[in-house]
Amino acid sequence: MQAFHRAAAIGLLALGLLSAPILSPGARAQVFNPETFTLKNGMQVVVISNHRVPVVSHMVYYKVGSADEAMGKTGLAHMLEHMMFKGTKAVPAGEFSHLVAVNGGRENAFTTADYTAFYQNVAVDKLDLVMRLEADRMAHLDLKDANFQPERQVVIEERRMRVENEPSALLDVQMEAALYLNSPYHHPVIGWRSEIEHYVLKDLVDFYRRWYAPNNAILLVAGDVTVAQVRPLAEKYYGALPARPVPPRDRTEEPPPVAARTVEMRDPDVHQPSWNRLYLAPSYHQGEVQYAYPLQVLSEVLGGGETSRLYKDLVFDQKLAASVSVGYDPDAVGLTSFSFGASPNPGVAMDKLQAAIVAEIQTIANGGVSVQEVERAKQRLGASIAYAKDSFQTGARVLGSVLATGSSVEDEEAWPRRIAAVTPDQVSEAAKQVLRDERSVTGLLLPATPEEATTRAVTSQPAPQLPPGMSGREFR
Amino acid sequence: MNPRRLLAVLVLCLLPGMPALALNVEPVKSPGGVEAWLVQDHSNPIISLSFAWRGGAALDPAGKTGLAYLVGGLLDEGAGDLDSQAFHGKLEDLAISLGFDAGMDTLHGQVKTLTANRDVAFDLLRLSLTQPRFDAEAVERVRSQVLAELSRQLQDPNAIAQRAFAKMMYPDHPYGRQVDGDPETIKSITVDDLKAWTAAHLGRDQLHIAVVGDITPDQLRPLLDQVFGSLPATAAPVTTPEVQADAKGQVEVIRRQIPQSVVVFGEQGLKRADPDWYAAYVMNYVLGGGGFASRLMTEIRVKRGLAYGAYSYLMPRDHGALAAGGVATRNDRVAESLQLVRQEWGRMADGGVTADELANAKTFLNGSFPLQMDGTGSIAALLVTIQLDNLGIDFVDRRPQLINAVTAADVKRVAKRLLDPAHLATVVVGDPQGMQAGQ
């Protein structure tokens, strides 16, 4: 089972474009060797050369996400992401996507709590075109009610598909809301349905004017290009746009957590229960930031592969779980979570699985980690760095997320060094401080009644593979 | 096995297009006669190996569906002297990825390693293919994982719909069953079954291999013999019968109390080797294969906001084929969405595509092809698919001409042949209003 991730991207198209993966810490590396400069209007530009295939990924990240929305207007960042495809004075609705497609490009966009990103993957000789188009909609979006009304319905259908049709997604939303009492991470990226239904066009116009400015955006170009090629194009298209004052990003602090919380979701459609837990955790930028690197090592010790602590104990030795997962993403403007997920083996009671996994978490919080575990985890994180530049897009995606949440290129390039410097004592201390009951929300996904679930499990049928062109649970 | 790998992986011949792209594919033959296609890329210290045997889940005996799938899940769970923990300990310590996946017509495998660990990686692959242990511990563990995943799919309306649709299309053929089996059959599979399958199907005559990355032909040749040389010369024959889809306009409604209905539909398609393949491929792009540009997306999403996505696809298998699609839409608008699907299906059948649509499809299908070559692993997997489809080592170079040769008349002909809204068969999962099962 995949623990819910606040940063899990939601996006625009249902069809099989490139995914916006949640990048593992191992994908971060010095290997990217990016070159960076800043336009006169304050827009940062990052170029990552990779000359294997004559293609480029052109991405613009805006430093605005669902956590920047006003009360009562949740989901507006994502709604605006959709509307960015609805035309400008110069490029009418639908024309952007049409031009990208007839030029052999693939495009998409995605919204997270902290940023909104747009990208086109094209042959290198089409870079000029997509840059012109992207710069045009940065400044000249023509928001019309006639385009907005049907698109609102599209977003509502997207919400039904991602959240309302799926009990595990409904539970994820409840857990996040329970974890973040006061922070804007409280609400889901896609927003509350009742609020989506009540936006007016002016909300979008205001949001666009407030946040979509070159000085609040980052341009990333990765692939078969050099800075010498990118710079004149960036200056011509993006450099022509004026800077505007942009409000500060407010990530209201959480009050100190005082009580462990449990969210229980029972649904007659649940056939495979799951156990989930989130701990309120520091990111690179808020909370006990000194734990951000040790927690990445801890995540690898606990959940990295079949020889990790949790897999070995719960899946291999005790045979209570079919799968376990551990997650931690330090890229956030505000706080983040350290997450666990486990799926019981058929016939294993949830109580029994819960007791075992909680005991394991307590062991690590009280007893810490061994020198050997930490060395193995660091070695694996380090080795995975070499794979990061196998893909021409990975570097741009990693750096986009890093820069949009407040870290620097230098931070990113120092990642291997900082991970290598983590000590077992630091990991043990981070575990002790973060894996505390009062910081936690436990989420249980359960069948409506035990009898009903048993009957269904015997009589119903397993499901097939998804067809090509239809992505599964990782829509964007 | 990592349960996430148990999730659907469907490698189909839906290769998007490819323009002038210098991909230097070299045929390499080992002294022992094992052949592979190689693309050298020494820019990163990484090697990706992809391979597949023809013969997959469609060969599972009727009461043992999921057998090939379980084999795929267990080949990397201990081999030779290494039990599962020891085997995975080596893989994880050296950051080697190694895994297998059964499809309906094939068993696929892949290895990705740093150059420095090349010999260990290839040796672990040799062990997994020639001396898999199938220890009771691992078999029961992976069996539980598959059962848990099958249970999870019961709460996934997409999975429910796809399963029902496969059964509807192929009521009496292995394609109507599922690669990952069902609970009863998964429980019935024994260690002897797993061993027998492995002994029978991993023959060199059905094997296709591609290697991409930091390795030379001279380095690769002996490794091919070491890894694959001791496998049996021949595999058990592929006996899957040819089959036509049983599409006659029927509708099945599976009631679930969810706010959005998942709809899948389809009828008989055409196989990859069909002379009209490229015409059908272009047709599908225009109909529902290409993002916002497609007719289905325009009518259902852009104009009416009825769905987040509406799509069509071609699914050519070795012994049967579908032209199919799907849409997910609010319960009170299912009938309307389906009516639009039928309307567009019929409009394409009657009129084909316009000159503009044809030209746009060609530029997209050719221009976007290199975009999928995002890494050594994806290139290697692509080359294996090209081998399985018998397209030739120069396919990447020839593909643009094949696409460009398609005429509007070709598309019209193939659309008339394939698409008939009266035959379109449909499964709806949800609580659609005003819809009944029936013909």
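Any read-out appearing in this document is the output of simple, stated calculations on the displayed coordinates, not a laboratory observation. All of these numbers come straight from a predicted model, not from anything done at the bench. Glycine also receives a Cβ, built like all others from the backbone with ideal geometry; neighbour counts cover every protein chain displayed.
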Check your understanding: Hull surface divided by four, with the convex hull built on the Cα atoms of the stretch B:143-228: how many nm²?
Key -> 9.0
Exercise for review: Using only atoms on other chains, find how many Cβ atoms lie within 10 Å of each Cβ of peptide B:91-104 and report the average.
Suggested key: 3
Check your understanding: So what's the gap between the Cα centers of the stretch B:284-343 and the stretch A:297-359, to the nearest angstrom?
Key -> 39
Point to revise | Which listed pairs, of B:Lys362/B:Lys412; A:Lys378/A:Lys432; A:Lys40/A:Lys86; B:Lys248/B:Lys271; A:Lys40/A:Lys236, have C-alpha distances above 22 Å, in listed order | key: A:Lys40/A:Lys86
Point to revise | Volume per residue that the Cα convex hull of chain A spans, once the total is divided by residue count, Å³ | key: 142
Revision key, fill the gap. From fewest to most C-beta neighbours within 10 Å, the residues B:Asp119, A:Asp331, B:Asp431 line up as B:Asp119, B:Asp431, A:Asp331
Review point. Just for the Cα atoms in the stretch A:261-459, what are the lengths along the principal axes, largest first, rounded to whole Å?
Key: 57, 35, 33
Review point. Residues of A:62-73, mean number of Cβ from any other protein chain within 10 Å of their own Cβ, rounded to a whole number?
Key: 0
Study note, to complete from the structure: Yeah, the stretch B:376-439 with a ≥ b ≥ c from its alpha-carbon gyration tensor (a/c under 1.5 is rounded, else prolate when a/b outruns b/c, oblate otherwise) is oblate
Review point. Roughly how many Å is it from the Cα centre of the stretch B:98-159 to that of the stretch A:92-128, as a whole number?
Key: 36
Check your understanding: When the Karplus curve 6.51 cos²θ - 1.76 cosθ + 1.60 is applied with θ = phi - 60°, which whole-Hz ³J(HN,Hα) does each residue of the stretch A:326-341 get, with x for Gly and Pro?
Key -> 9, x, 7, 10, x, 7, 7, 5, x, 6, 9, 10, 10, 10, 10, x
Check your understanding: Considering every Cα-Cα pair within the stretch A:345-385, what fraction, in whole percent, is farther apart than 15 Å?
Key -> 61
Review point. For the stretch B:251-430, what mean projected area does the convex hull of the alpha carbons give, in nm²?
Key: 11.1
**Study point:** Vicinal HN-Hα couplings computed from phi for the stretch B:175-188 (Karplus, 6.51 cos²θ - 1.76 cosθ + 1.60; Hz; Gly/Pro x)
**Key:** 5, x, 9, 10, 4, 8, x, 9, x, 5, 6, 4, 5, 8
Check your understanding: How big is Rg to Rh over chain B, alpha-carbon atoms, Rh as the Kirkwood inverse-mean-distance radius?
Key -> 0.98
Check your understanding: Straight-line reach from B:Lys29: which lysines have a Cα under 27 Å away, not including same-chain ones fewer than 8 places off?
Key -> B:Lys112
Check your understanding: Over the stretch B:62-141, what lengths in whole Å, largest first, do the semi-axes of the equivalent ellipsoid take, defined as the square roots of 5 times the eigenvalues of the alpha-carbon gyration tensor?
Key -> 23, 15, 9
**Study point:** For the stretch A:10-237: span of alpha carbons on each principal axis (Å, largest first)
**Key:** 48, 43, 34
**Study point:** Cα pair distances of the protein assembly as shown binned at 20 Å [whole percent]
**Key:** 14, 49, 35, 2
Revision key, fill the gap. If amide H atoms are modeled at 1.01 Å from N in the peptide plane, then the residues at a separation of 5 or more from A:Asp267, or on another chain, having amide H under 5 Å from its own are A:Leu446, A:Ala448
Exercise for review: Excluding residues fewer than 8 places away in the same chain, name every one of the aspartates and glutamates whose C-alpha is closer than 17 Å to that of A:Lys312.
Suggested key: A:Glu300, A:Glu360, A:Glu373, B:Asp76, B:Glu77, B:Asp83, B:Glu92, B:Asp93, B:Asp135, B:Glu137, B:Glu140
Point to revise | Semi-axis lengths (Å, descending) of the ellipsoid that matches the C-alpha gyration tensor of the stretch B:3-228 | key: 31, 22, 16
Check your understanding: Considering only DSSP beta bridges whose two residues both sit in the stretch A:261-459, what percent are antiparallel, to the nearest 5?
Key -> 75
Review point. Among bridges DSSP assigns within chain A, what percent are antiparallel (round to 5)?
Key: 80
Check your understanding: Which of the lysines could a cross-linker bridge to B:Lys64, judged by Cα under 18 Å and excluding same-chain residues fewer than eight apart?
Key -> B:Lys167, B:Lys187, B:Lys195
